[in-house]
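Asker: Let me begin by handing over the structure; questions about it come next.
The values are calculated or read from the model by the stated rules, or taken from the named source; none is laboratory data. As the structure is a computational prediction, the values presented were derived from the model and not from experiment. Note that we place each Cβ from the backbone using ideal geometry, even for glycine, and neighbour counts take in every protein chain shown.
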Amino acid sequence: MEKVDCIVVGGGLAGLSAAYGLASAGVEVMVLERGNYAGAKNVTGGRLYTSVLRDVYPELWEEARDDGGPFERPVTRELITLLGDGAATTLELASERFSAPSPQSYTVQRARLDRWLADKVTAKGGLIVCDMKADELLLEGGRVVGVRAGEDEVGADVTVIAEGVLGLLASGAGLREPPRAADQALGFKEVIELPAGTIEERFHLNEGEGAAQLFMGRVTRGMTGGGFLYTNKDSLALGVVVSLEQMRGRGDELESWRLLDEFRELPQVAPLVRGGEVAEYSAHAVAEGGVDKLPRLYGNGYLLAGEAGGLSLNALLTVRGMDFALASGRQAARAVLAARARGDHSAAGLSVYERFLRETFVLRDLEAYRDVPSLIENRRLFDQYPDAVARLLEDLFTVGPDGAPSLLKTGARGARREFLRIDTLRDLWSLRKLW
Amino acid sequence: MKVDAKLGTDVFKLDTEPHIVVDTEICRTVCVTRPCLYVCPADLFELDDTGKMTVNWEGCLECGTCLICCDDRALTWRYPRGGMGVQYRMS
């Protein structure tokens, strides 16, 4: 059996990040990627928060920022839209501090971003084998000793399993549970082509800058989830994320794909995408179980990185997976290096991985938002409240036969009507968990 | 826009064998709710005239939604072989 120091299963951001860290340190690393190229099987909503690059791979960050290589647009406008019945409320943040010289997030597309990082791995001496699917983890006495890919078997001291959210290999080998509907959302989107100038006009953007808009409410018909709209250079990413447990449990046979069609037709969305051509349609599962649903992230001869380890976070205003992938891949590389230095690739030798993850935002943020998965199961967030906010504001903006309303009285009356209810107060009280 | 037309914008490398196989007996006799018929974002599952479950695996986006939602284990679900299946150019 051929043998390398380290095999990485999956050339997504977690796997490539691990491979970059290892190859940079002179470790012989082989990445197995089942797509035609890195990124061919990956889907993002659209946006990468950049602090991870700045902190763990400053040289990559500078290169990426200066040549713009992997990025679409820096996000300078953040919008949250609450879609009520016949009315919508949008909160907009346009921050000059989010733009150059150090944008805090960029819209991205995976085929471009992942290929860019793959090139960096190759430049450091890492080997990326595309069109190669790992079929099985090879186990020997409870230890992962390599992988089988078709007829070929490759051995390794450590296998970094970065196979993505479904975790077929790891669950097939009993290293984690298969994903459950209760902890998963379905994300799916269209890439809609529009000229750059049209995008900038419609979203009130300076040349080259971008917007990110999240939608809550009607878009998921009251189910946990939402809609998103990101501006790329010459296209928009328009998509929906919805709880799989709630989707399949509806009982009315609503087809998931209809949610996106309905979303595109909304009066708040249709004018933004008008005239655009759909250039690609994609779908992906999203792990949203939070820290309580994480599998054990290391064991004899292996580590789990990225979504294969359930490492992604829905924190309501920010939805993150790619920076978790990059950061966990980086820590996986560190852990492998530490294990190699001690010549111990057992679970004990690799257990530093979890400690490293705790030192970064990966496990810290997941801990901090531990209660989000249970909070967002609350459907009032997605049907009642977006509507209530709109009705309250409608009252304040209405001029009727008796003239303009008293702002204070009308506001107080509306707030009492919409929000002074036992269930609402209980929901507010439950938010304390986020503190 | 029809889901079919949207899938038509995607690049697929067709595998020679299906990567999703349905145990139609389980669908027929055990499963009551048949979530695969409506959770699949590519709308690939169909009951044919005889009530047999079929899947048009060729247009699969490989999201795994059907697998995650099938509690009756009626699906044998693998990724397509290396180099096969959907190849996203953007996304």
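Asker: Going through A:Ala305, A:Ala315, A:Ala285, A:Ala279 one at a time, which residue ends up being within 13 Å of chain B (Cβ to nearest Cβ), in contact (Cβ under 8 Å) with a residue 40 or more places away in the chain and closer than 28 Å to A:Val372 by Cα?
Answerer: A:Ala285
Asker: With (1) surrounded by 16 or more Cβ atoms within 10 Å (Cβ to Cβ); (2) assigned by TED's automatic domain parsing to the domain that holds A:Glu140 as the list, and A:Leu366 as the residue in question, which single condition is left unmet?
Answerer: (2)
Asker: Could you tell me which numbered condition A:Ser17 fails, if it satisfies all but one of (1) touching an Asp or Glu at 6+ places or on another chain (Cβ under 8 Å); (2) under 20 Å from A:Val147 (Cα atoms); (3) not β-branched (Val, Ile, Thr)?
Answerer: Of the numbered conditions (1) touching an Asp or Glu at 6+ places or on another chain (Cβ under 8 Å); (2) under 20 Å from A:Val147 (Cα atoms); (3) not β-branched (Val, Ile, Thr), the odd one out for A:Ser17 is (1).
Asker: Take the residues in region B:37-89 that are touching a Ser or Thr at 6+ places or on another chain (Cβ under 7 Å) and surrounded by fewer than 20 Cβ atoms within 10 Å (Cβ to Cβ); name whichever of them is nearest to A:Glu280 (Cα to Cα).
Answerer: Among those that are touching a Ser or Thr at 6+ places or on another chain (Cβ under 7 Å) and surrounded by fewer than 20 Cβ atoms within 10 Å (Cβ to Cβ), it is B:Glu46.
Asker: In region B:11-36, which residues are buried (at least 19 other Cβ atoms within 10 Å of the Cβ) and either among the basic types (Lys, Arg) or facing another protein chain (nearest Cβ under 7 Å) (or both)?
Answerer: Residue satisfying the conditions is B:Pro35 alone.
Asker: Moving on. Scan (1) aliphatic (A, V, I, L, M); (2) crowded, with 22+ Cβ neighbours inside 10 Å; (3) modelled with pLDDT of 95 or more for the single condition A:Ala270 breaks and write down its number.
Answerer: Looking at each condition in turn, A:Ala270 falls short on (2).
Asker: Check A:Gly26 against each of (1) at pLDDT below 95; (2) part of a loop (DSSP other than H, G, I, E, B); (3) more than 14 Å from every other protein chain (Cβ to nearest Cβ) and name the one condition it does not meet.
Answerer: Failed condition: (1).
Asker: Please list, ordered by residue number, the helices (runs of 4 or more DSSP H) wholly in region B:1-79 having 3 or more residues that are out of contact with any strand residue (DSSP E or B) (no Cβ under 7 Å at 6 or more places or on another chain) and farther than 22 Å from A:Arg180 by Cα.
Answerer: Fully inside region B:1-79 and qualifying: B:3-7, B:24-29.
Asker: Any residue in region A:131-149 that is β-branched (Val, Ile, Thr) and within 30 Å of A:Val273 (Cα to Cα)?
Answerer: No, region A:131-149 contains no residue that is β-branched (Val, Ile, Thr) and within 30 Å of A:Val273 (Cα to Cα).
Asker: Now a separate question. Here are A:Gly174, A:Gly208, A:Gly197: which of them is more than 30 Å from A:Phe71 (Cα to Cα) and not in a strand (DSSP E or B)?
Answerer: Matching residue, one of A:Gly174, A:Gly208, A:Gly197: A:Gly174.
Asker: When both residues are 6+ apart or on different chains and their Cβ atoms are under 6 Å apart, which pairs have a first residue that lies in region B:60-72 and is of a type outside the set (A, V, I, L, M, F, W, C), and a second that is surrounded by fewer than 23 Cβ atoms within 10 Å (Cβ to Cβ)?
Answerer: Short answer, once both residue conditions are applied: B:Asp72/B:Ile26; B:Asp72/B:Val30; B:Asp72/B:Cys31.
Asker: On to the next question. From the list A:Gly68, A:Gly46, A:Gly39, which residue is surrounded by fewer than 24 Cβ atoms within 10 Å (Cβ to Cβ) and either on the phi > 0 side of the Ramachandran plot or outside the structural domain of A:Leu337 (by TED's automatic domain parsing) (or both)?
Answerer: A:Gly68
Asker: Determine whether region A:31-47 contains at least one residue that is under 30 Å from A:Leu381 (Cβ atoms), out of contact with any Ser or Thr (no Cβ under 8 Å at 6 or more places or on another chain) and within 14 Å of another protein chain (Cβ to nearest Cβ).
Answerer: yes
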